[in-house]
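Some notes on the structure that comes next.
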Amino acid sequence: MKTLRVGAATVDISPMTSQFLFGYPHVERYSTGIHDPLQSHAVFFSSGKPSTNESESATSRTVLFIANDVIRIDKSVAREARERIRSATGVQEQTIMITATHTHSAPNIVRYASNMDDPVVPPPDPKYVRFLTDSIVAAGIAAVENAVPASVGFAAARAEGVGSNRRSVDGPSDPEVPVVVARDENDRAIACMLVYSMHPTVLHEDSKLVSGDFPAFTRRYLCSSVFGREIPIAYHTGTAGNQSPRHMTRENTFAEAERLGNLLGRAVEKALKTVEYSSEFTIGSAQEFLDLPRKVFPDPAAAAERLARVRERFEKLAREGAPRQEIRTAETDVFGAEEVLTLANAAARGVLDEYYEQCLPAEVHAIRLGLHTYIGWPGELFVEYGLELKRRFPSAYGITLANGGLQGYVVTEAAAAEGGYEASNTLFDWRSGPLLVDAAVRVAESAAGG
């Protein structure tokens with residue numbers, strides 16, 4: 001084991017012009033201002049000098065996490081950023097994990113197949129995509145250059161009341177929040193990293209201000225109430241495909257985003273009270289690429305009939321004054337049925353191949369920090385897959401929307417049979433989930449030197 005060095009950096013990625021805020025369909029949602037800045041947070045760990053060996057994996061001595069306040073990361077953006085960071089620093093591409101927090105109040109940066117028929121959704125702004133890519137690179141390079149001797153502590157918080165399974169409040173969820181804090185030789189915190197399996201969707205389509213949603217308030221709380229100063233905090237979204245604040249929110253406002261963000265912050269604060277720090281631990285990384293089974297779409301006529309049935313149910317619930325959470329779930333099922341119709345028509349026209357090429361092969365990435373392993377998965381995996389990963393490989397934590405996307409959700413067999421919103425908005429068969437978990441276990445073992 002080597003003496004540890006840690007570096008961190010934050011770069012503002014807020015748009016400088018009005019941008020279409022992506023995440024909700026059918027709404028011309030162009031930003032009118034910035035409520036809180038979007039940021040790129042990079043945290044670098046090194047147990048020695050960067051290696052020049054491009055085949056280095058499990059023996060890696062340097063790793064770099066970069067978390068970004070955008071809805072998702074395009075694979076081409078991640079590829080370019082990794083290459084440029086390697087060229088500037090020597091940190092190898094396969095040891096760099098680039099993620100999206102998944103805020104729905106940030107610019108659109110990916111061409112999404114299921115939205116191709118939505119007339120209000122514009123293509124990504126190439127100027128913003130270029131700005132974002134340059135900013136990710138700048139954050140990564142700065143984190144490497146800022147590295148100092150450090151010690152690191154690990155904690156596991158438990159967040160209750162921030163969100164739940166969004167299909168059913170009693171459904172599977174994962175309140176565990178792994179937290180990493182690094183501090184310098186003067187015991188001052190220099191960086192933090194956490195993973196939480198929850199959609200950051202307190203703010204809805206009526207909000208036209210740029211925001212990181214509740215994770216931004218969590219970072220603000222930790223900096224002011226725990227660390228006593230501004231430090232980079234890399235927030236990653238875990239297996240949140242079927243998790244959201246829907247059943248916990250009192251309203252969809254910034255005040256509510258702050259309340260839930262502070263609730264998560266206080267849970268992290270409590271967990272950090274007993275953390276122990278060490279400067280001696282191993283670092284490792286590994287990755288694997290795999291093809292995934294593609295979804296078979298229905299005939300467009302059948303998809304149109306299903307949309308009519310789903311829309312009728314939503315309208316009936318709205319007329320009868322059902323609970324707002326039930327109405328919202330039914331409304332999102334309408335969105336999903338619309339997207340199935342879009343994808344069914346696209347499949348019939350033979351235009352989906354370019355979208356598959358955009359996201360395949362799927363990368364499964366593992367970074368080992370001491371006794372803890374962080375798995376980077378593309379796409380939005382259901383929480384059941386994160387729980388299964390931890391069952392099979394304890395102290396492994398799933399991070400989604402990493403190093404590119406999968407154009408939608410990775411659902412369970414049961415969800416696919418139910419056919420709700422998430423199962424509708426995907427290009428891949430549900431069997432992709434178990435394959436991604438199997439690959440995660442393999443790369444976790446490789447990163448650990450097993």
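The values are calculated or read from the model by the stated rules, or taken from the named source; none is laboratory data. Everything quoted here is computed from the prediction, not taken from an experiment. No Cβ is skipped: glycine too gets one built from the backbone with ideal geometry, and neighbour counts run over all protein chains shown.
Selection of the stretch 151-178 for residues being among the aliphatic types (A, V, I, L, M) and either modelled with pLDDT of 95 or more or crowded, with 19+ Cβ neighbours inside 10 Å (or both) yields V152, A155, A156, A157, A159, V162, V177. Where helices (runs of 4 or more DSSP H) fall entirely within the stretch 284-391, those with at least 3 residues that are buried (at least 20 other Cβ atoms within 10 Å of the Cβ), of a type in the set (V, I, T) and out of contact with any strand residue (DSSP E or B) (no Cβ under 9 Å at 6 or more places or on another chain) are at 324-349.
One residue stands out among those in the stretch 439-450 that are outside any loop (DSSP other than H, G, I, E, B) and among the small types (G, A, S): the one that is surrounded by the most Cβ atoms within 10 Å (Cβ to Cβ), which is A447.
Check L389, L401 and return the single one that is touching a helix residue (DSSP H, G or I) at 6+ places or on another chain (Cβ under 7 Å) and hydrophobic (A, V, I, L, M, F, W, C). Steps first, please.
Working: L401 fails: touching a helix residue (DSSP H, G or I) at 6+ places or on another chain (Cβ under 7 Å).
Within the list L389, L401, the selection yields L389.
The set of residues from the stretch 246-270 being buried (at least 21 other Cβ atoms within 10 Å of the Cβ) and either at pLDDT below 95 or more than 30 Å from T329 (Cα to Cα) (or both) comprises R246, T249.
Which members of the stretch 112-129 meet the condition of being aliphatic (A, V, I, L, M) and surrounded by fewer than 16 Cβ atoms within 10 Å (Cβ to Cβ)? Spell out how you get there, then give the answer.
Within the stretch 112-129, the first condition is being aliphatic (A, V, I, L, M), and the residues that meet it are 113, 116, 120-121, 129.
Scanning the stretch 112-129 gives a single hit, V120.
Could you tell me which of the residues A182, A216 is hydrophobic (A, V, I, L, M, F, W, C) and out of contact with any strand residue (DSSP E or B) (no Cβ under 7 Å at 6 or more places or on another chain)? Selected residue: A216, the only one of A182, A216 that is hydrophobic (A, V, I, L, M, F, W, C) and out of contact with any strand residue (DSSP E or B) (no Cβ under 7 Å at 6 or more places or on another chain). Is it the case that the stretch 303-310 has a residue that's at pLDDT 85 or above, acidic (D, E) and under 26 Å from the mean Cα position of the chain (by Cα)? Taking every residue of the stretch 303-310 in turn, none turns out to be at pLDDT 85 or above, acidic (D, E) and under 26 Å from the mean Cα position of the chain (by Cα).
Does T52 satisfy the condition of being at pLDDT 90 or above, surrounded by fewer than 17 Cβ atoms within 10 Å (Cβ to Cβ) and either charged (D, E, K, R) or in a loop (DSSP other than H, G, I, E, B) (or both)? Taking the combined requirement at face value, the residue does not satisfy it.
Checking each residue in the stretch 392-419 for being out of contact with any Phe, Trp or Tyr (no Cβ under 7 Å at 6 or more places or on another chain) and either surrounded by fewer than 22 Cβ atoms within 10 Å (Cβ to Cβ) or part of a helix (DSSP H, G or I) (or both) picks out R392, F393, P394, S395, A414, A417, E418, G419.
Taken over the stretch 420-438, the criterion of being surrounded by fewer than 22 Cβ atoms within 10 Å (Cβ to Cβ) and farther than 21 Å from P300 by Cα is satisfied by R431, P434, L435, D438.
Among residues of the stretch 182-222 being within 18 Å of R259 (Cβ to Cβ) and of a type in the set (G, A, S), the one that is surrounded by the fewest Cβ atoms within 10 Å (Cβ to Cβ) is S207.
Conditions tested, residue by residue: (1) buried (at least 24 other Cβ atoms within 10 Å of the Cβ); (2) aliphatic (A, V, I, L, M); (3) at pLDDT below 95.
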residue: Y24; (1), (2), (3): no, no, yes
residue: P37; (1), (2), (3): no, no, no
residue: A78; (1), (2), (3): yes, yes, no
residue: T99; (1), (2), (3): yes, no, no
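The residue that is modelled with the lowest pLDDT, counting only those in the stretch 215-244 that are hydroxyl-bearing (S, T, Y) and in a strand (DSSP E or B), is S244.
Can you go through V441, V411 and tell me which one is closer than 28 Å to F281 by Cα and among the β-branched types (V, I, T)? It would help to see each step written out before you state the result.
Values: V411 fails: closer than 28 Å to F281 by Cα.
Among V441, V411, only V441 is closer than 28 Å to F281 by Cα and among the β-branched types (V, I, T).
Residues in the stretch 159-179 that are out of contact with any strand residue (DSSP E or B) (no Cβ under 6 Å at 6 or more places or on another chain) and within 21 Å of T373 (Cβ to Cβ): D174 only.
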